[in-house]
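This report concerns only the one structure given below.
The values are calculated or read from the model by the stated rules, or taken from the named source; none is laboratory data. It should be emphasised that the depicted structure is a prediction, and the values quoted were computed from it without experimental measurement. Every residue, glycine among them, receives a Cβ derived from its backbone with ideal geometry; neighbour counts consider all protein chains shown.
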Ligand SMILES: C[S@@+](CC[C@H](N)C(=O)[O-])C[C@H]1O[C@@H](n2cnc3c(N)ncnc32)[C@H](O)[C@@H]1O
């Protein structure tokens, strides 16, 4: 079923051998991204049930829990190293349930028409890399099924400029044409209601990144 194992569990266990490898808690760039995303959500919905896909150590989850204290948040993460730290980081927060699982296998366990909001940031390109085009399309349809009618899917993703060679082994997972395909597939399944682009400097990596925030309505 799965096309390749790159970016599967073992990959992320290694990435999260050390605490906060992407500086999610401390980077101004990351924190600013989360706040922009939450601001855009708040303008549209006050969710009661939220699913977060790929929560890492809970940096975004924490801000979501603070922004929506009455919501029940379910956060799924493939790496047990990351989820172990998320448990500690979110220790005092009562409205979050953490699940250590691969969302591709786990998604079917959630009831259909259930969540008001799904937050799925900086993660689709890892999952897309493991699946064939048909499989990712089926998976995206499954994600939409889990949203209630008018529910929102909100995503923030890095967009890497196209290097002009799609067949190059150095092609980035989040290269612009690939990301545009994901956007197109999601727009076919749901209604695309927001797309904004940003470019910010990430001090910790000493470079600027382009990223986009997408919102889809079921
Ligand atoms: C780049 S991080 C983004 C973390 C967080 N969403 C954010 O924006 O700060 C990607 C996260 O997705 C997780 N992930 C990747 N594939 C996954 C899968 N199939 N199921 C669940 N989590 C996954 C990784 O372990 C990692 O923690």
Cβ pairs under 6 Å, 6+ apart or interchain, first in region 11-23 and under 15 Å from residue 54 (Cβ atoms), second more than 8 Å from the ligand (Cβ to nearest atom), ordered by first then second residue, are 13/81; 15/21; 16/81
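Looking at region 49-65, which of its residues are surrounded by fewer than 24 Cβ atoms within 10 Å (Cβ to Cβ), assigned to a strand (DSSP E or B) and more than 8 Å from the ligand (Cβ to nearest atom)?
Selection gives 49 alone.
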Counting only residues that are assigned to a helix (DSSP H, G or I), surrounded by fewer than 16 Cβ atoms within 10 Å (Cβ to Cβ), more than 9 Å from the ligand (Cβ to nearest atom) and touching a residue at least 24 places away in the same chain (Cβ under 8 Å), region 102-132 contains a total of 1
Of the residues in region 92-101 that are within 14 Å of residue 58 (Cβ to Cβ) and touching a strand residue (DSSP E or B) at 6+ places or on another chain (Cβ under 7 Å), the one that is farthest from the ligand (Cβ to nearest atom) is 95
Residue 46 passes all but one of the listed conditions (1) more than 9 Å from the ligand (Cβ to nearest atom); (2) surrounded by 13 or more Cβ atoms within 10 Å (Cβ to Cβ); (3) within 27 Å of residue 116 (Cα to Cα); the exception is number (2)
Subset of region 1-30, residues part of a helix (DSSP H, G or I) and either out of contact with any helix residue (DSSP H, G or I) (no Cβ under 8 Å at 6 or more places or on another chain) or within 9 Å of the ligand (Cβ to nearest atom) (or both), comes to 9, 10, 11, 12, 13, 14, 15, 30
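So that you can scan it fast, the table gives a plain yes or no per residue for (1) modelled with pLDDT of 95 or more; (2) surrounded by fewer than 16 Cβ atoms within 10 Å (Cβ to Cβ); (3) in contact with a strand residue (DSSP E or B) (Cβ under 9 Å, 6 or more places away or on another chain):
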site	(1), (2), (3)
160	no, no, yes
164	no, yes, no
175	no, no, yes
201	yes, yes, yes
211	yes, no, yes
218	yes, no, yes
